[in-house]
Structure formats: structure tokens, C-alpha cells
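Have a look at the structure below before the remarks.
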Amino acid sequence: MDGEGRKMSKSLGNVISPLDIIEQTGADILRLWVVSGDTSDDIRISPDSLARLSEGYRKIRNTFKYLLGNLHGFDFKKDALALDELIEVDRWALSKLEALTGEVTAAYESGQLHRIYHAVYNFCVREMSSFYLDVLKDRLYTDSMQSVSGRSCRTVLYEILTVLAKCLSPVLSFTCEEVWQNLGFESSIHLESWPKLSAKKRDCVLEERWGRFLLVREKVLKALEEKREKKEIGNSLEAGVELALSKNGDTEFLKSFKSDLPGLFLVSNVEVLNDPTVSDGELRVSVTKAQGQKCERCWNYRESVGTDKNYETLCHRCVTVLKRV
């Protein structure tokens, strides 16, 4: 059907040639359109729907691009960490990838191909772009590649990239082959085995824990955005956050994330405290200007900036990384 729900026919002049689509957007967009439609209903196609699909493809491709860029210089065989050595948020991302692999595999086997596109798209936009890849920036750009932090996240980025490429290779044949070659493989991705599911990588308890944390993060991001709209802060790293809870609140739960909270909220410092004025079950988020000076390397505001005479514009964390290089 066309965009208005009319059956395509030469007499109506509403036929769209597949060759025209390939010439304008490439064969992978046409292949993506084929699997994105629910065949239990009539399938529509129009310039507008192809434009939306192209935007979806762009987000998937940009995910590939980001992963490839941050895996430069990483040798999976030499530098990868074992599952039990990974940092917690990285194990969460690996668990979500395992869930996606299972969902995509089931969609292929049952012939519900439209579920493949929607599952992968949501994974790239929600789990990856909106959270995991966003909070990784500080670690990827600041920590040493050979540190546990640097190796842990890159181990998982490699797993995400290779599994996504394999899962999408029957659909985005040319894009995934390009990804595979850029990873340095000599053989074609279309000669690879399908990703094997691993019960060890799936951790539903960990997913539930981080799902609970993400609800808190949403409130913090909302408070930061309100301050940004009022022009009280610019970049979120200019902010410090105070989380106040009742005595019976989730104080211990939030404190279990320890020093990771600033990076997870994309701010320079976080304080978690009990406050008797806060009602049970309530979380009060206060956003203030971060204390200290801006580190020119990591852009976080730290009171330790300038304490090292050899690196007067850097914080203690960045100085430590540079001295180990």
C-alpha cells in the first residue's frame, strides 16, 4: 500500500520502484524496510516512511561508528577481561545484550522479522545512546586504556559490536560487512557462526537493580535540565547533586554505587544523605554549582585541581593516569 493506504497500481501512478530506493538510499535501507513491516497486516511504503526508516538506520549505524571508534587499539584476545572481572555497569550492559540476542534469535526463528528492527533500534537508542554509551564517555576519554576500567568497558563494547553486527548481517548485509572489515577480520561476516546464548552473561537480578537505579537517574536528569533551562548551569559537569532521603529511604541502595554516582549522573560530585524533613519514599534532588576548579582534561570540577605543581590545570585523577603512561 502507499502512504494513504491505497493499493499500489500503475493506473494510480503510486508505485515506488525498488531500484529508485536503492539508488537514493542504498540497498540496506530497502532491506531494512522489508523486515520492519508487520506482515500480519497490509504493508505501506511512502517517501515519508522511508525517511523515518533512514533516520532509524542512521542511529544504528552511528552506534556502530561510536563502538568502532572507541575500540581503536584494543586487542580483544590480549586485553579482554573475564566476566567476573568486569565492572558492574559493564556486566549490566552485557546482560542486556544477552537479552537482545535471545529476542532477535527468536524473532528470526518464528518469522516475526519486524521484531528484529524494533528490538535492535530500541537497544541502540534506550540502553546504549541514552544511558550506557553516555556514561562511558568519562571512562573512555579519561581512564587509561590498560586500566581495569578501560579494559572492562572495551571488552563489553567489543561484545556489543560483534553481536549486533552478526544479528543484523542478514538484513544490513553491506553495513555489517563494512563493520566486520573495519574490525580487522579477513573473512566475511556472512561466514561467521550465529551468536551463542550464554546463561552466565544474563543476570536478571543485576538488571532489576539497575532498572531501579535508572528511575533515580531520571529524576536527577530532570532536575539538571530544569537548572539548565534557567541558565544556572551549562554543561552538567558544572553541577553538584545532593540526594536527600528519609531515614527509611534508599540511602544504602544509592551509596552502594559509591564513587560511580558522579559519572552515572554526568555531574562533578554527588552527596547522599538522610533528611528527617523528607517524607518516606520521597527523593529530593538539589542541584548546585560544583565545588573546585575545572580540570582541563576530564572537564570535571575538582578541589584537587592545581595541587600537583607539574600539572597545575589537572585534577588528581587525571594526574595519576598521566603519571602511569
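Numerical summary
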| item | result |
| --- | --- |
| Residue among 59, 231, 200 with the largest mean-square fluctuation in a Gaussian network model of the chain, springs linking Cα atoms under 10 Å | 231 |
| Chain lengthening between residue 61 and residue 252 when straightened (0.36 nm per residue, less Cα-Cα) | 64.8 nm |
| Sequence-distant residues sharing a close amide H with residue 270 (under 5 Å, placed H) | 241 |
| The stretch 247-263 - phi-based ³J(HN,Hα) in whole Hz, Karplus 6.51/-1.76/1.60, Gly and Pro as x | 4, 9, x, 8, 4, 5, 4, 5, 5, 5, 8, 6, 6, 7, 4, x, x |
| Sequence-separation-based contact order of the chain, relative, with Cα cut under 8 Å and 6+ spacing, percent | 15 percent |
| The chain: most fluctuating residue of 159, 109, 232 per GNM, C-alpha cutoff 10 Å | 109 |
| ³J(HN,Hα), Karplus 6.51/-1.76/1.60, whole Hz, each residue of the stretch 94-106, x for Gly, Pro | 5, 5, 5, 5, 5, 5, 5, 4, x, 5, 5, 4, 5 |
| Leading residue at positive end of dipole, the chain (Cβ point charges), from 80, 188, 293 | 293 |
| Magnitude of the charge dipole, the chain, Cβ model with Lys/Arg +1 and Asp/Glu -1, debye to 20 | 520 debye |
| When each of 59/96; 247/294; 59/166 is checked by Cα-Cα distance, pairs over 23 Å | 247/294 |
| Most fluctuating residue given options 223, 290, 239, as computed from a GNM of the chain linking Cα atoms under 10 Å | 223 |
| Two-site label geometry, residue 324 and residue 284: point separation in nm, points 7 Å out along Cα→Cβ | 3.9 nm |
| Over the chain: helical MRE at 222 nm, DSSP H runs n ≥ 4 each giving -39500 (n - 2.57), nearest 500 | -16000 deg cm²/dmol |
| For residue 246, residues with placed amide H under 5 Å, excluding near neighbours | 275, 281, 282 |
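Just so you know, all these numbers are worked out from the coordinates, no wet-lab data involved. None of the values given here were measured: they were computed from a predicted structure. Using ideal geometry, Cβ is built from the backbone for each residue, glycine included, and neighbour counts are taken over all protein chains shown.
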